[in-house]
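Notes follow the structure.
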Amino acid sequence: MKEKYDYLIVGAGLFGATFAHLASTRHRRCLVIDKRNHIGGNIYCQQDNGINIHRYGAHIFHTSDKRIWDFVNSMVPFNRYTNSPVAVAPNGELYNLPFNMNTFYKIWGVKSPSEALQKLNEQRCEAIKKMETDGVKEPRNLEEQALTLIGRDVYELLIKGYTEKQWGRKCSDLPAFIIRRLPVRLTFDNNYFSDTYQGIPIGGYNKLVEKLLEGSDIQLDTDFFKDREHLSSLAHKIVFTGKIDEFFNYRFGMLEYRSVRFETETINNPNVQGCAVVNYISSDVPYTRIIEHKHFENFGDSVYENPVSVISREYPAEWNPGIEPFYPVNDQRNNSLNTRYQELAQKEPNVIFGGRLAEYRYYDMAPVIAKVFSLFESDTNL
Ligand code: FAD
(Lines give C-alpha, C1' and ligand atoms only; values in the text may rest on other atoms or scores of the structure.)
Protein backbone atom coordinates (compact mmCIF):
# COMPACT_ATOMS: atom_id res chain seq x y z
CA MET A 1 0.00 0.00 0.00
CA LYS A 2 1.59 3.24 -1.09
CA GLU A 3 -1.00 5.89 -0.33
CA LYS A 4 -0.60 8.22 2.54
CA TYR A 5 -3.79 8.66 4.53
CA ASP A 6 -4.91 11.50 6.71
CA TYR A 7 -6.30 9.03 9.23
CA LEU A 8 -5.62 5.47 10.16
CA ILE A 9 -8.80 4.49 11.99
CA VAL A 10 -8.29 1.47 14.22
CA GLY A 11 -11.71 -0.17 14.62
CA ALA A 12 -14.63 -0.26 12.17
CA GLY A 13 -17.22 0.00 14.94
CA LEU A 14 -19.68 2.87 15.27
CA PHE A 15 -17.10 5.34 16.58
CA GLY A 16 -14.56 4.57 13.85
CA ALA A 17 -17.19 4.50 11.10
CA THR A 18 -18.79 7.80 12.18
CA PHE A 19 -15.37 9.40 12.38
CA ALA A 20 -14.54 8.08 8.90
CA HIS A 21 -17.78 9.51 7.53
CA LEU A 22 -17.29 12.99 8.96
CA ALA A 23 -13.63 13.02 7.92
CA SER A 24 -14.54 11.92 4.38
CA THR A 25 -17.06 14.73 4.08
CA ARG A 26 -14.10 17.03 4.80
CA HIS A 27 -12.19 15.30 1.99
CA ARG A 28 -9.84 13.50 4.35
CA ARG A 29 -8.49 10.15 3.26
CA CYS A 30 -9.16 7.39 5.75
CA LEU A 31 -7.92 3.85 6.11
CA VAL A 32 -10.15 1.90 8.48
CA ILE A 33 -8.77 -1.34 9.86
CA ASP A 34 -10.38 -3.94 12.08
CA LYS A 35 -9.01 -7.10 13.56
CA ARG A 36 -12.36 -8.79 13.06
CA ASN A 37 -13.45 -10.15 9.68
CA HIS A 38 -16.37 -7.74 9.46
CA ILE A 39 -17.22 -4.07 9.87
CA GLY A 40 -19.60 -2.67 12.49
CA GLY A 41 -17.86 -3.68 15.71
CA ASN A 42 -20.45 -4.73 18.24
CA ILE A 43 -23.42 -3.53 16.22
CA TYR A 44 -22.66 -6.00 13.43
CA CYS A 45 -25.57 -8.12 12.21
CA GLN A 46 -25.13 -11.61 10.81
CA GLN A 47 -27.73 -13.05 8.43
CA ASP A 48 -29.33 -16.36 9.35
CA ASN A 49 -32.40 -17.65 7.49
CA GLY A 50 -33.07 -14.14 6.21
CA ILE A 51 -33.03 -12.69 9.73
CA ASN A 52 -30.55 -10.09 10.99
CA ILE A 53 -28.88 -11.57 14.07
CA HIS A 54 -27.44 -9.05 16.53
CA ARG A 55 -24.31 -11.13 16.98
CA TYR A 56 -22.89 -9.13 19.90
CA GLY A 57 -26.16 -8.63 21.79
CA ALA A 58 -29.46 -6.87 21.15
CA HIS A 59 -28.98 -3.31 19.92
CA ILE A 60 -31.81 -0.80 19.96
CA PHE A 61 -31.03 2.71 18.81
CA HIS A 62 -32.66 5.35 21.00
CA THR A 63 -32.14 9.05 21.48
CA SER A 64 -33.98 12.28 22.19
CA ASP A 65 -31.44 14.24 20.16
CA LYS A 66 -33.17 15.08 16.88
CA ARG A 67 -29.87 15.93 15.24
CA ILE A 68 -28.50 12.43 15.89
CA TRP A 69 -31.77 10.80 14.82
CA ASP A 70 -31.86 12.82 11.58
CA PHE A 71 -28.22 11.98 10.95
CA VAL A 72 -28.62 8.20 11.23
CA ASN A 73 -31.84 8.33 9.22
CA SER A 74 -30.05 10.26 6.50
CA MET A 75 -27.72 7.26 6.21
CA VAL A 76 -30.43 4.60 6.25
CA PRO A 77 -34.12 4.79 7.20
CA PHE A 78 -34.97 3.39 10.64
CA ASN A 79 -38.12 1.51 11.59
CA ARG A 80 -40.14 2.27 14.75
CA TYR A 81 -39.21 -0.70 16.89
CA THR A 82 -40.35 -0.08 20.46
CA ASN A 83 -38.53 -2.12 23.05
CA SER A 84 -41.07 -3.71 25.40
CA PRO A 85 -39.24 -6.50 27.20
CA VAL A 86 -40.88 -9.09 29.40
CA ALA A 87 -39.37 -10.66 32.51
CA VAL A 88 -39.81 -14.25 33.66
CA ALA A 89 -39.71 -14.00 37.46
CA PRO A 90 -38.43 -16.73 39.81
CA ASN A 91 -42.09 -17.64 40.48
CA GLY A 92 -42.47 -18.48 36.77
CA GLU A 93 -44.86 -15.58 36.10
CA LEU A 94 -44.35 -13.03 33.32
CA TYR A 95 -44.07 -9.33 34.21
CA ASN A 96 -43.77 -6.22 32.04
CA LEU A 97 -40.68 -4.07 32.06
CA PRO A 98 -39.77 -1.33 32.74
CA PHE A 99 -41.50 -1.23 36.12
CA ASN A 100 -44.84 0.34 35.27
CA MET A 101 -48.53 0.11 36.11
CA ASN A 102 -48.82 -3.23 34.29
CA THR A 103 -46.03 -4.62 36.50
CA PHE A 104 -47.52 -3.20 39.72
CA TYR A 105 -51.00 -4.41 38.86
CA LYS A 106 -49.63 -7.93 38.38
CA ILE A 107 -47.58 -7.87 41.60
CA TRP A 108 -49.99 -6.13 43.96
CA GLY A 109 -53.32 -5.91 42.13
CA VAL A 110 -53.17 -2.10 42.36
CA LYS A 111 -55.25 -0.41 39.67
CA SER A 112 -54.40 3.28 39.99
CA PRO A 113 -51.13 5.24 40.09
CA SER A 114 -51.89 6.54 43.60
CA GLU A 115 -52.43 2.99 44.92
CA ALA A 116 -49.18 1.89 43.29
CA LEU A 117 -47.30 4.86 44.71
CA GLN A 118 -48.66 4.17 48.17
CA LYS A 119 -47.50 0.55 47.96
CA LEU A 120 -44.07 1.56 46.64
CA ASN A 121 -43.65 4.14 49.38
CA GLU A 122 -44.64 1.65 52.09
CA GLN A 123 -41.98 -0.74 50.86
CA ARG A 124 -39.33 1.96 50.46
CA CYS A 125 -40.03 3.20 54.03
CA GLU A 126 -39.70 -0.33 55.38
CA ALA A 127 -36.23 -0.60 53.82
CA ILE A 128 -35.15 2.81 55.13
CA LYS A 129 -36.44 1.98 58.64
CA LYS A 130 -34.53 -1.31 58.62
CA MET A 131 -31.35 0.53 57.70
CA GLU A 132 -31.93 3.08 60.48
CA THR A 133 -32.49 0.27 63.01
CA ASP A 134 -29.18 -1.25 61.87
CA GLY A 135 -27.47 2.13 62.29
CA VAL A 136 -26.81 2.45 58.56
CA LYS A 137 -27.01 5.97 57.07
CA GLU A 138 -26.30 5.34 53.38
CA PRO A 139 -26.94 2.11 51.44
CA ARG A 140 -23.78 0.03 51.78
CA ASN A 141 -24.36 -2.22 48.82
CA LEU A 142 -26.56 -2.73 45.78
CA GLU A 143 -29.15 -4.70 47.74
CA GLU A 144 -29.73 -1.92 50.26
CA GLN A 145 -29.74 0.65 47.48
CA ALA A 146 -32.35 -1.25 45.46
CA LEU A 147 -34.54 -1.84 48.52
CA THR A 148 -34.63 1.86 49.32
CA LEU A 149 -35.44 2.74 45.72
CA ILE A 150 -38.09 0.16 44.90
CA GLY A 151 -38.88 -2.00 47.95
CA ARG A 152 -38.58 -5.71 48.65
CA ASP A 153 -41.30 -7.17 46.38
CA VAL A 154 -40.01 -5.75 43.11
CA TYR A 155 -36.39 -6.26 44.16
CA GLU A 156 -36.83 -9.95 44.88
CA LEU A 157 -39.07 -10.67 41.90
CA LEU A 158 -37.39 -8.67 39.18
CA ILE A 159 -33.94 -7.46 40.19
CA LYS A 160 -32.02 -9.70 42.58
CA GLY A 161 -31.41 -12.91 40.60
CA TYR A 162 -30.82 -11.06 37.32
CA THR A 163 -28.26 -8.68 38.79
CA GLU A 164 -26.43 -11.48 40.60
CA LYS A 165 -26.14 -13.47 37.36
CA GLN A 166 -25.08 -10.39 35.44
CA TRP A 167 -22.22 -9.54 37.80
CA GLY A 168 -21.40 -13.02 39.11
CA ARG A 169 -21.66 -11.74 42.70
CA LYS A 170 -24.32 -11.41 45.39
CA CYS A 171 -26.20 -8.09 45.38
CA SER A 172 -25.13 -7.64 49.00
CA ASP A 173 -21.49 -7.78 47.79
CA LEU A 174 -21.95 -5.39 44.88
CA PRO A 175 -21.36 -1.64 45.26
CA ALA A 176 -24.46 0.56 45.64
CA PHE A 177 -23.42 2.92 42.82
CA ILE A 178 -24.29 0.34 40.13
CA ILE A 179 -27.96 1.24 40.68
CA ARG A 180 -28.18 5.00 41.04
CA ARG A 181 -31.84 5.13 40.19
CA LEU A 182 -34.52 2.68 39.18
CA PRO A 183 -36.99 4.27 36.81
CA VAL A 184 -40.58 3.70 37.87
CA ARG A 185 -43.37 4.59 35.50
CA LEU A 186 -46.80 5.17 36.98
CA THR A 187 -48.52 4.70 33.62
CA PHE A 188 -49.57 1.59 31.69
CA ASP A 189 -46.61 1.96 29.32
CA ASN A 190 -44.28 -0.95 28.49
CA ASN A 191 -41.94 1.12 26.30
CA TYR A 192 -38.54 0.49 27.88
CA PHE A 193 -36.93 3.71 26.73
CA SER A 194 -38.16 7.20 27.51
CA ASP A 195 -36.42 8.74 24.50
CA THR A 196 -38.34 10.51 21.75
CA TYR A 197 -36.83 8.40 18.97
CA GLN A 198 -36.18 4.70 18.87
CA GLY A 199 -35.74 2.09 16.17
CA ILE A 200 -33.59 -0.27 14.15
CA PRO A 201 -32.08 0.49 10.72
CA ILE A 202 -34.31 -1.10 8.08
CA GLY A 203 -32.26 -3.99 6.75
CA GLY A 204 -30.01 -4.08 9.84
CA TYR A 205 -27.08 -2.17 11.29
CA ASN A 206 -24.63 -3.25 8.59
CA LYS A 207 -26.42 -0.95 6.16
CA LEU A 208 -25.78 2.00 8.47
CA VAL A 209 -22.10 1.17 8.91
CA GLU A 210 -21.56 0.46 5.20
CA LYS A 211 -22.98 3.88 4.42
CA LEU A 212 -20.81 5.57 7.04
CA LEU A 213 -17.72 3.91 5.60
CA GLU A 214 -18.42 4.91 2.00
CA GLY A 215 -15.37 6.71 0.63
CA SER A 216 -12.93 5.12 3.10
CA ASP A 217 -10.54 2.27 2.45
CA ILE A 218 -11.18 -0.74 4.65
CA GLN A 219 -8.86 -3.50 5.68
CA LEU A 220 -10.31 -6.33 7.78
CA ASP A 221 -8.54 -9.14 9.67
CA THR A 222 -5.89 -6.57 10.55
CA ASP A 223 -4.76 -6.22 14.14
CA PHE A 224 -3.11 -2.87 14.74
CA PHE A 225 -0.74 -4.36 17.30
CA LYS A 226 0.53 -7.04 14.94
CA ASP A 227 1.92 -4.43 12.55
CA ARG A 228 1.87 -1.25 14.59
CA GLU A 229 4.86 0.53 13.12
CA HIS A 230 3.99 -0.03 9.47
CA LEU A 231 0.27 0.77 9.92
CA SER A 232 1.06 3.92 11.89
CA SER A 233 3.37 5.09 9.12
CA LEU A 234 0.49 5.06 6.61
CA ALA A 235 -1.33 8.07 8.06
CA HIS A 236 -0.72 11.46 9.60
CA LYS A 237 -2.99 10.70 12.54
CA ILE A 238 -4.43 7.68 14.25
CA VAL A 239 -7.97 7.31 15.54
CA PHE A 240 -7.80 4.52 18.06
CA THR A 241 -10.98 2.76 19.20
CA GLY A 242 -9.41 -0.40 20.66
CA LYS A 243 -8.48 -1.10 24.28
CA ILE A 244 -6.62 1.77 25.89
CA ASP A 245 -4.53 -0.45 28.18
CA GLU A 246 -3.37 -2.50 25.19
CA PHE A 247 -2.33 0.67 23.35
CA PHE A 248 0.04 1.43 26.23
CA ASN A 249 1.26 -2.16 26.52
CA TYR A 250 -0.62 -2.66 29.81
CA ARG A 251 1.92 -0.41 31.50
CA PHE A 252 -0.14 0.06 34.65
CA GLY A 253 -1.92 -3.30 34.51
CA MET A 254 -4.95 -4.72 32.76
CA LEU A 255 -8.41 -3.15 32.82
CA GLU A 256 -11.17 -5.63 33.63
CA TYR A 257 -14.47 -6.33 31.90
CA ARG A 258 -17.58 -8.47 32.22
CA SER A 259 -18.27 -10.56 29.20
CA VAL A 260 -21.29 -12.26 27.63
CA ARG A 261 -21.46 -15.57 25.78
CA PHE A 262 -24.18 -16.01 23.15
CA GLU A 263 -25.75 -19.33 22.22
CA THR A 264 -27.73 -18.96 19.02
CA GLU A 265 -30.30 -21.46 17.83
CA THR A 266 -32.55 -21.66 14.75
CA ILE A 267 -36.00 -22.95 15.62
CA ASN A 268 -38.73 -24.31 13.37
CA ASN A 269 -41.31 -21.99 14.80
CA PRO A 270 -42.13 -18.58 13.31
CA ASN A 271 -42.81 -16.90 16.65
CA VAL A 272 -41.05 -18.40 19.67
CA GLN A 273 -41.56 -15.86 22.44
CA GLY A 274 -43.73 -13.13 20.93
CA CYS A 275 -41.25 -10.30 21.52
CA ALA A 276 -37.58 -9.54 20.96
CA VAL A 277 -36.35 -9.51 24.56
CA VAL A 278 -37.28 -11.77 27.47
CA ASN A 279 -35.29 -11.41 30.69
CA TYR A 280 -34.86 -14.43 32.98
CA ILE A 281 -34.56 -13.28 36.56
CA SER A 282 -34.14 -16.56 38.45
CA SER A 283 -30.63 -17.57 39.48
CA ASP A 284 -31.64 -21.16 38.58
CA VAL A 285 -31.66 -20.20 34.89
CA PRO A 286 -28.06 -19.75 33.71
CA TYR A 287 -28.81 -17.15 31.03
CA THR A 288 -30.03 -13.60 31.61
CA ARG A 289 -31.97 -13.03 28.40
CA ILE A 290 -33.30 -14.67 25.28
CA ILE A 291 -33.37 -12.48 22.20
CA GLU A 292 -35.65 -13.42 19.31
CA HIS A 293 -34.09 -11.38 16.54
CA LYS A 294 -36.86 -11.24 13.93
CA HIS A 295 -39.02 -9.09 16.22
CA PHE A 296 -36.61 -6.17 15.77
CA GLU A 297 -37.62 -5.87 12.15
CA ASN A 298 -40.88 -7.81 11.68
CA PHE A 299 -43.97 -6.51 13.38
CA GLY A 300 -47.46 -7.93 13.72
CA ASP A 301 -48.40 -10.79 11.44
CA SER A 302 -45.27 -10.32 9.31
CA VAL A 303 -43.37 -12.52 11.81
CA TYR A 304 -45.27 -15.47 10.30
CA GLU A 305 -43.91 -14.83 6.78
CA ASN A 306 -40.71 -16.65 7.74
CA PRO A 307 -41.48 -20.16 9.09
CA VAL A 308 -38.36 -20.22 11.25
CA SER A 309 -36.97 -17.98 13.96
CA VAL A 310 -33.54 -17.47 15.48
CA ILE A 311 -33.00 -16.94 19.18
CA SER A 312 -29.87 -16.14 21.21
CA ARG A 313 -29.44 -16.98 24.88
CA GLU A 314 -27.14 -14.55 26.70
CA TYR A 315 -24.91 -16.02 29.38
CA PRO A 316 -22.98 -13.54 31.51
CA ALA A 317 -19.34 -14.57 31.64
CA GLU A 318 -16.13 -13.79 33.44
CA TRP A 319 -13.76 -11.91 31.21
CA ASN A 320 -10.23 -13.12 30.52
CA PRO A 321 -7.75 -11.90 27.93
CA GLY A 322 -8.78 -13.43 24.61
CA ILE A 323 -12.49 -13.26 25.45
CA GLU A 324 -14.64 -10.47 24.01
CA PRO A 325 -14.67 -7.52 26.46
CA PHE A 326 -18.22 -6.18 26.86
CA TYR A 327 -18.91 -4.18 29.99
CA PRO A 328 -16.24 -2.13 31.78
CA VAL A 329 -16.07 -2.84 35.50
CA ASN A 330 -16.22 0.68 36.86
CA ASP A 331 -15.02 -0.08 40.37
CA GLN A 332 -12.36 1.92 42.14
CA ARG A 333 -9.40 -0.14 40.91
CA ASN A 334 -10.40 -0.01 37.27
CA ASN A 335 -11.50 3.62 37.34
CA SER A 336 -8.22 4.80 38.79
CA LEU A 337 -6.27 2.63 36.35
CA ASN A 338 -8.29 4.13 33.51
CA THR A 339 -7.60 7.66 34.75
CA ARG A 340 -3.88 6.93 34.52
CA TYR A 341 -4.24 5.57 30.99
CA GLN A 342 -6.35 8.57 29.93
CA GLU A 343 -3.59 10.83 31.24
CA LEU A 344 -1.12 9.02 28.97
CA ALA A 345 -3.57 9.38 26.09
CA GLN A 346 -3.58 13.17 26.55
CA LYS A 347 0.15 13.14 25.82
CA GLU A 348 -0.29 11.56 22.37
CA PRO A 349 -0.89 14.53 20.05
CA ASN A 350 -1.23 12.36 16.94
CA VAL A 351 -3.72 9.90 18.32
CA ILE A 352 -7.42 10.48 18.92
CA PHE A 353 -8.80 7.96 21.40
CA GLY A 354 -12.53 7.30 21.32
CA GLY A 355 -15.30 4.78 21.78
CA ARG A 356 -16.19 2.29 24.46
CA LEU A 357 -12.83 0.50 24.64
CA ALA A 358 -10.49 3.47 24.32
CA GLU A 359 -12.43 5.51 26.86
CA TYR A 360 -13.22 2.46 29.00
CA ARG A 361 -16.83 3.40 29.53
CA TYR A 362 -20.24 2.04 28.70
CA TYR A 363 -21.54 4.03 25.77
CA ASP A 364 -24.92 3.75 24.04
CA MET A 365 -24.83 4.21 20.29
CA ALA A 366 -26.33 7.71 20.09
CA PRO A 367 -23.79 9.19 22.56
CA VAL A 368 -20.98 7.57 20.54
CA ILE A 369 -22.15 9.48 17.47
CA ALA A 370 -22.66 12.66 19.52
CA LYS A 371 -19.07 12.33 20.79
CA VAL A 372 -17.68 12.14 17.25
CA PHE A 373 -19.81 15.14 16.24
CA SER A 374 -18.42 17.13 19.16
CA LEU A 375 -14.83 16.29 18.16
CA PHE A 376 -15.41 17.71 14.69
CA GLU A 377 -17.26 20.73 16.03
CA SER A 378 -14.49 21.59 18.46
CA ASP A 379 -11.67 21.19 15.94
CA THR A 380 -12.17 22.48 12.41
CA ASN A 381 -8.77 21.09 11.43
CA LEU A 382 -9.86 17.49 11.82
P1 FAD B 1 -16.96 -1.39 19.07
O2 FAD B 1 -18.26 -1.56 18.43
O3 FAD B 1 -16.50 -2.33 20.06
O4 FAD B 1 -15.87 -1.16 17.95
C5 FAD B 1 -14.49 -1.21 18.21
C6 FAD B 1 -13.83 -1.98 17.07
O7 FAD B 1 -12.41 -1.90 17.23
C8 FAD B 1 -14.17 -3.46 17.07
O9 FAD B 1 -14.71 -3.85 15.83
C10 FAD B 1 -12.84 -4.14 17.33
O11 FAD B 1 -12.70 -5.38 16.65
C12 FAD B 1 -11.86 -3.12 16.81
N13 FAD B 1 -10.53 -3.26 17.39
C14 FAD B 1 -10.23 -3.31 18.71
N15 FAD B 1 -8.89 -3.47 18.86
C16 FAD B 1 -8.37 -3.50 17.62
C17 FAD B 1 -7.05 -3.68 17.13
N18 FAD B 1 -6.01 -3.86 17.96
N19 FAD B 1 -6.84 -3.68 15.80
C20 FAD B 1 -7.89 -3.53 14.93
N21 FAD B 1 -9.17 -3.37 15.36
C22 FAD B 1 -9.40 -3.36 16.67
N23 FAD B 1 -26.18 0.74 22.67
C24 FAD B 1 -27.41 1.23 22.37
O25 FAD B 1 -27.53 2.42 22.03
N26 FAD B 1 -28.52 0.42 22.42
C27 FAD B 1 -28.44 -0.89 22.79
O28 FAD B 1 -29.47 -1.57 22.83
C29 FAD B 1 -27.16 -1.43 23.12
N30 FAD B 1 -27.04 -2.72 23.48
C31 FAD B 1 -25.83 -3.20 23.85
C32 FAD B 1 -25.73 -4.54 24.24
C33 FAD B 1 -24.50 -5.05 24.65
C34 FAD B 1 -24.41 -6.48 25.07
C35 FAD B 1 -23.37 -4.20 24.67
C36 FAD B 1 -22.06 -4.71 25.18
C37 FAD B 1 -23.45 -2.89 24.23
C38 FAD B 1 -24.68 -2.38 23.81
N39 FAD B 1 -24.79 -1.07 23.33
C40 FAD B 1 -26.04 -0.57 23.03
C41 FAD B 1 -23.62 -0.21 23.17
C42 FAD B 1 -22.99 -0.29 21.74
O43 FAD B 1 -22.58 -1.60 21.50
C44 FAD B 1 -21.82 0.70 21.67
O45 FAD B 1 -22.31 2.00 21.80
C46 FAD B 1 -21.02 0.64 20.36
O47 FAD B 1 -20.75 -0.65 19.95
C48 FAD B 1 -19.72 1.38 20.58
O49 FAD B 1 -19.01 1.46 19.37
P50 FAD B 1 -17.42 1.53 19.40
O51 FAD B 1 -17.00 1.83 18.01
O52 FAD B 1 -16.97 2.39 20.49
O53 FAD B 1 -16.95 0.06 19.84
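Odds and ends about this structure:
- Within region 275-382, trypsin sites (Lys or Arg not before Pro) in DSSP loop having at most 15 other beta-carbon neighbours inside 10 Å: 347, 361
- Average 1/r across all pairs of distinct alpha carbons in region 261-346, invert it, and you get the Kirkwood radius: 15.8 Å.
- Listed residues 58, 87, 345, most fluctuating in the chain (Gaussian network, C-alpha, under 10 Å): 345
- For region 311-382, the square roots a ≥ b ≥ c of the C-alpha gyration tensor eigenvalues yield an a/c of 1.5 or more together with a/b not exceeding b/c, which makes the shape oblate.
- Taking each residue as 0.36 nm, the span from residue 29 to residue 156 lengthens on full extension beyond its C-alpha to C-alpha distance by 40.3 nm.
- Stretching residue 210 away from residue 371 to a fully extended chain increases their span by 56.0 nm, per 0.36 nm per residue minus the current alpha-carbon distance.
- Carbon and sulfur %, accessible surface of the chain computed with the full protein complex present, 1.4 Å: 48 percent
- Listed by chain and number, the aspartates and glutamates whose alpha-carbon sits under 13 Å from that of residue 371, ignoring those within fewer than 8 places in the same chain, are 65, 359, 379.
- Rg/Rg_globular for the chain, with Rg_globular taken as 2.2 N^0.38 Å and Rg from C-alpha atoms: 1.07
- Prolate/oblate/rounded label for region 93-202 (Cα gyration tensor, a/c 1.5): oblate
- Structure-based [θ]222 nm, the chain - -39500 (n - 2.57) summed over DSSP H runs of at least 4, per residue, nearest 500: -9000 deg cm²/dmol
- Local electrostatic count at residue 130 - Lys and Arg +1, Asp and Glu -1, tallied over other residues with Cβ under 15 Å: -4
- Label-point gap, in nm, between residue 380 and residue 138 - each point 7 angstrom along Cα→Cβ: 4.5 nm
- Normalised per residue, the accessible area of the chain is 48 Å², obtained with a 1.4 Å probe and no contribution from ligands, DNA or RNA.
- Projected onto their three principal axes, the Cα atoms of region 332-374 cover extents of 27, 27, 13 Å, largest first.
- Only Cα sites of region 48-127 enter the Debye sum here, all with the same form factor; the resulting log10 I(q)/I(0) across q = 0.12, 0.23, 0.27 1/Å is -0.62, -1.11, -1.29, listed in q order.
- Region 200-239-region 248-303 distance, computed between alpha-carbon centres (Å): 26 Å
- Estimated FRET transfer efficiency when R0 is 45 angstrom, pair residue 271-residue 121 (beta carbons, to 0.05): 0.70
- Between residue 94 and residue 195, the modelled labels are 2.6 nm apart [label points 7 Å from Cα along Cα→Cβ].
- Pairs spanning more than 22 Å between alpha-carbon atoms, out of 66/237; 106/160; 111/160; 106/165: 66/237; 111/160; 106/165.
- Taking the charge dipole of the chain about its Cα centre, with +1 at Lys and Arg Cβ atoms and -1 at Asp and Glu Cβ atoms, the residue from 79, 354, 147 reaching farthest to the positive side is 354.
- With the simple spin-label model, which puts each label point 7 Å out from Cα in the Cβ direction, the residue 73 to residue 169 separation comes to 4.2 nm.
- Rounded, prolate or oblate (a/c below 1.5 giving rounded, otherwise prolate when a/b exceeds b/c) for region 230-382 by Cα gyration tensor: prolate
- Rounded Å value of the spacing that divides the Cα centres of region 331-372 and region 56-90: 24 Å
The values are calculated or read from the model by the stated rules, or taken from the named source; none is laboratory data. Since this is a predicted model, take the numbers as computed values, not measurements. Every residue, glycine as well, gets a Cβ built from its backbone with ideal geometry; the counts of neighbours run over all protein chains shown. The accessibility values were calculated without ligands, DNA or RNA, using every heavy atom of the protein model including side chains. Shrake-Rupley method; radii C 1.70, N 1.55, O 1.52, S 1.80 Å.
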